[in-house]
Amino acid sequence: MEVIFWIGIIWFILTLYGNYKEKQEQEAMIKRIAKERQDNIFKSKVINDKIVVEDSIWDTFKIDIKGIVEGSHDNFDMRFIVRMFDITDGEYPILCTLEDFQAVDSRVFFYESNIEKLPYKETIFSDWFSVINIPKIFLEFPKKGNRKIQIKVFAIDANTRNILAEDNIEVTYLAEEKGYIDRQNDTKYFEEMVIKTAMLVSASDGTMDDDEARVVKDWIKKRLSYFDESRQTEEKNRLNGYIKDIFFDIESGDVDIYEILEGIENIASEGEKFELFQLCLDVAQADGEADEAELKIVYDIADYIKLDRSQFRSMIEKTLPVTIHTSEANADKLLDIDSSMTNKEIKKYLREQYKKWNARVSSKDVKIREQAEKMINLIAEARKKYI
């Protein structure tokens, strides 16, 4: 009987000890998890970087993230969102002239990534992961000078749009050009000149197509998004009035595109010049065809406002691919052969172009492949001409 008593005592003590050890292990595990989460807290950083676009180099803000993103289950879909604000003297939006980095129907900077599928409910980015490279040339700040910029980075559930993780970064940036607040008086003039230039591109082939006019109206819609609702009707009437004015000027033949472009050259930032040029390209391709007159005028615009040649060539190749041109009579224009180049320079240039387009012949994208094949044919014809 006494033996049974001591066995019970020992069993009781061992049970207490076992429970104690299990509790200690649980507490240790909780501490390890807490430390791991603390060590891998979601954070972001910005790096002044550069990217190469065709033959050009653009300065960028490179946004990287690191740390834990917690979803609702394993293999969940998420996206990254990046927003930017100027907080130097109040909070103002930073605008962008590049459509890929704009909020819907707005000129305010906004970026949303493609879907990233994360394998675990709690996925840790243990190394820095690049979210986006933002070209600075397309950003518009409220004012000129040293600016304090706040960059907000979010990881969101791709289905529910719930925020899973977020972080803020603050950086300083020297805005060398006048900001949109500094240029309030210039802005109306810029808008007028952009609309008139785009409508002249539309009319360059002898007609003003409805699809082309719709592109201009969509651009106006984006501009209106920046105004308070109380002002939108007034501003809409003003901007639509520019379309009516240029329509009558074109009909009467009383318009000088170079006078318009001279005004833009005097007041527009580099980003705004690209915005103007992209709108003109969008107008030229709106009906699915681009003829020689349209190609000539867009090249004249690029030359007159002094856009970087390699950059506007890249824009033309993307928006006005050779496959939509109605005539090959402008082969030199399509290949961007400068009349000031010597035969030796042209031959070297054609070799470089052949190498570039030949690399795209095997692209999985049918449109890119067709464009490459047609460009190679043009290069072959040009080689005969400049042999």
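Quick rundown of the values:
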quantity: For segment 286-295, 3J(HN,Hα) per residue [Karplus equation, 6.51 cos²θ - 1.76 cosθ + 1.60, θ = phi - 60°, Hz, x = Gly/Pro]; calculated: 4, 8, x, 9, 10, 9, 5, 5, 5, 5
quantity: Rounded, prolate or oblate (a/c below 1.5 giving rounded, otherwise prolate when a/b exceeds b/c) for the chain by Cα gyration tensor; calculated: prolate
quantity: Rounded to whole Hz, the Karplus (6.51, -1.76, 1.60) HN-Hα couplings of segment 92-104, x for glycine and proline; calculated: 10, x, 9, 8, 9, 9, 9, 4, 5, 10, 10, 5, 4
quantity: Cβ-based exposure ranking for Arg309, Arg183, in which fewest neighbours within 10 Å come first; calculated: Arg309, Arg183
quantity: Least to most buried among Phe110, Phe76 (fewest other Cβ within 10 Å first); calculated: Phe110, Phe76
quantity: Label-point separation in nm, Lys43 to Tyr299, each point 7 Å along Cα→Cβ; calculated: 5.3 nm
quantity: Sites Arg231 and Asp254, calculated FRET efficiency, Cβ-Cβ separation with R0 25 Å, nearest 0.05; calculated: 0.20
quantity: Residue (of Ile376, Leu276, Ile337) at the positive-pole extreme of segment 265-387, dipole from beta-carbon charges; calculated: Ile376
quantity: Where labels lie 7 Å past Cα in the beta-carbon direction, separation of Ile87 and Asn159 in nm; calculated: 3.4 nm
quantity: Three-way shape call for segment 183-270 based on the alpha-carbon gyration tensor, with the a/c threshold at 1.5; calculated: oblate
quantity: Potential extension, Arg360-Gln150 segment - 0.36 nm per residue separation minus Cα distance; calculated: 71.7 nm
quantity: Ranked Cys280, Cys96, criterion: other C-beta atoms within 10 Å, fewest first; calculated: Cys96, Cys280
quantity: Label-point separation, Asp218 to Lys50 (7 Å along Cα→Cβ), nm; calculated: 3.4 nm
quantity: In Hz, Karplus ³J(HN,Hα) per residue of segment 40-50 (6.51, -1.76, 1.60; θ = phi - 60°; x = Gly, Pro); calculated: 10, 4, 5, 8, 9, 8, 10, 10, 6, 10, 9
quantity: Gain in span if fully extended, Asp77 to Ser340, counting 0.36 nm per residue against the direct Cα distance; calculated: 89.3 nm
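No lab work stands behind these numbers, since they all come straight from the coordinates. Keep in mind that what you see is a predicted model, and the values were worked out from it rather than measured. Glycine gets a Cβ as well: all are built from the backbone with ideal geometry, and neighbour counts include every protein chain shown.
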